[in-house]
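Accompanying notes for the structure given below.
The values are calculated or read from the model by the stated rules, or taken from the named source; none is laboratory data. Owing to the predicted nature of the structure, the values given are computational and were not obtained by experimental measurement. Backbone-built Cβ (ideal geometry, glycine too); neighbour counts: all protein chains shown. These accessible areas exclude ligands, DNA and RNA; they are computed on the full protein's heavy atoms, side chains included. Shrake-Rupley method; radii C 1.70, N 1.55, O 1.52, S 1.80 Å.
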Amino acid sequence: MVSILPTSSATGACRATAPSNIALIKYWGKSDASLNWPANDSLSMTLSRAHTVTTAKKSQGMAAHRIAFGTSSDTAIPARDNGKAQQYLEWLRTEVRTFGPAEGALDILTNNSFPSSCGIASSASGFAALTLAAVGAWTGAKNMDQLKALGISTAHLSAWARRGSGSACRSIDGGFVRWTRGNSPEQQSAGTIFCDDHWQLADLIVMIDRSAKKVSSTEGHARTWTSPLMKMRMSGLSERMKHVLEAIESRDLERLGTLIETEATEMHAVMMTAIQRTDYFGTPTINFISWLRNRRAAGNIEAWFTLDAGANPHLLCHPQHVAHLREQIIKNFPDYKILEDQTGGGAKLESLEEKSDGH
Ligand code: 2P0
């Protein structure tokens, strides 16, 4: 098997696997940009297949952390322009030190199971996996239980991951995760509100455009405040959250679907009416959504869409309807690749020390 360890010596090496998530109520707009404190509560479904795997080990004699992309140290591509991750790791180290020593630069290798920057939250799973791997390598904890024994809970990991990228705080716990804003940055928190076995939903991600988005999410969050629609959006979100929670609790997909389509459309309407107008999708996505809605109105399809800051719709449906939906999409849009996913569990940490020979 191919080695996935950062280098040949595996001392303290660990592997973190963190899921991506799809927001059903969006985090869009920050009350404090430096702290990634959100303007509103958001809610996401954790994905089962789309994830980031990050390995980390402490390395002697390195001045800065080394970060590379890939599945093997032999073929990994060193990360360029990784100042944000370096800064984040130094900030994280000071947090971890309140629980014990966190010494040494880290040798890090990371890989996504999906294409990044195109409507699947790569910064969410990326910063969640980076956080967990770094904390694992510094503390020597071999799994989540050992972290807990050191006093480091999933709430700590989530709050730390959020500082790297806001949506990453929803990629530590699994199932349906609510990120609560609180009345101050210290009071914000994210955690499971319904487990993945409460309701298994399929998510078909339709790859209409694989190119990287032109306006980063961080920039999009800032622009959103210039939209005249933002005030209206903020005033209605707690009511929508209440209805979304009820729909998930009662496993009512038609109700949930109607709500998440309004939510996604509203978020994009805000972006399209910002002073620096931002269109994250174009005619192909509009045509696809129209087709979906027409088919649904005709009773041919039972699926509802949401869209992140990108052009690729996520279609939520019951698992037993996946085959029919996939067939219909392939027949009508043969050029679009489909990534199939479903509700999944939370992040995991494992030690690679004993396994180094076998990888
Ligand atoms: C979300 N998105 O709730 C929303 C919906 C995209 C659309 O959170 O600046 O990459 O790193 O905190 O987390 C994407 O924003 O932004 C995002 P930063 P992030 O998933």
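Which of the following residues is outside any helix (DSSP H, G or I) and modelled with pLDDT of 95 or more: LEU245, LEU204, LEU237?
Going through LEU245, LEU204, LEU237 in turn, the sole match is LEU204.
Name the residues in the stretch 275-299 that are in contact (Cβ under 8 Å) with a residue 60 or more places away in the chain, open to solvent by less than 20 Å² (accessible area, probe 1.4 Å) and out of contact with any Lys or Arg (no Cβ under 7 Å at 6 or more places or on another chain), would you?
THR285, PHE288
Do any residues in the stretch 331-358 that are closer than 24 Å to LEU43 by Cα have Cβ atoms under 7 Å from those of residues that are at pLDDT 95 or above and open to solvent by 80 Å² or more (accessible area, probe 1.4 Å), where the two are at least six apart or on different chains, and which pairs are they?
That search, which allows pairs on different chains as well, returns ILE338/ARG326; ASP341/ARG49.
What are the residues in the stretch 193-213 that are more than 15 Å from ALA23 (Cβ to Cβ) and among the β-branched types (Val, Ile, Thr), if any?
Matches in the stretch 193-213: VAL206, ILE208.
Among the residues of the stretch 197-242, how many are closer than 27 Å to TRP37 by Cβ and not aromatic (Phe, Trp, Tyr)?
Counting residues in the stretch 197-242 that are closer than 27 Å to TRP37 by Cβ and not aromatic (Phe, Trp, Tyr) gives 30.
How about the stretch 222-234: which of its residues are part of a helix (DSSP H, G or I) and either over 14 Å from LYS26 (Cβ atoms) or modelled with pLDDT under 95 (or both)?
The answer is ALA222, ARG223, TRP225, THR226, LYS231, MET232.
So, in the stretch 202-227, of the ones that are buried (at least 18 other Cβ atoms within 10 Å of the Cβ) and closer than 25 Å to LEU157 by Cβ, which residue ends up farthest from the ligand (Cβ to nearest atom)?
Ranking the candidates gives ASP203 first.
I'd like to know if the stretch 1-9 contains one or more residues that are at pLDDT 90 or above and touching an Asp or Glu at 6+ places or on another chain (Cβ under 6 Å).
no
State the number of residues belonging to the stretch 25-51 that are of a type outside the set (D, E, K, R) and near the ligand (Cβ under 9 Å from one of its atoms).
9
This table checks each residue for (1) over 24 Å from the mean Cα position of the chain (by Cα); (2) closer than 29 Å to VAL215 by Cα; (3) open to solvent by 50 Å² or more (accessible area, probe 1.4 Å).
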{"position": "GLU263", "(1), (2), (3)": "no, yes, no"}
{"position": "THR273", "(1), (2), (3)": "yes, yes, yes"}
{"position": "ILE301", "(1), (2), (3)": "yes, no, no"}
{"position": "CYS317", "(1), (2), (3)": "no, no, no"}
{"position": "HIS321", "(1), (2), (3)": "yes, no, yes"}
{"position": "THR343", "(1), (2), (3)": "no, yes, no"}
{"position": "LEU352", "(1), (2), (3)": "yes, no, no"}
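Run down ARG170, ARG210, ARG163, ARG178 and say which single residue is touching a residue at least 40 places away in the same chain (Cβ under 8 Å), basic (Lys, Arg) and in a strand (DSSP E or B).
ARG178
Residues being open to solvent by 10 Å² or more (accessible area, probe 1.4 Å) and near the ligand (Cβ under 10 Å from one of its atoms): count how many of those fall in the stretch 159-169.
The number of residues fulfilling the criteria is 4.
Residues to consider are ALA39, ALA63; find the one that is over 12 Å from ASP107 (Cβ atoms) and open to solvent by 40 Å² or more (accessible area, probe 1.4 Å).
ALA63
Let's see how each residue does on (1) at pLDDT below 95; (2) outside any helix (DSSP H, G or I); (3) open to solvent by 40 Å² or more (accessible area, probe 1.4 Å); (4) among the basic types (Lys, Arg):
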| position | (1), (2), (3), (4) |
| --- | --- |
| LYS58 | yes, yes, yes, yes |
| ILE67 | yes, yes, no, no |
| GLU95 | no, no, yes, no |
| ILE108 | no, yes, no, no |
| SER123 | yes, no, yes, no |
| PHE127 | no, no, no, no |
| LYS148 | no, no, yes, yes |
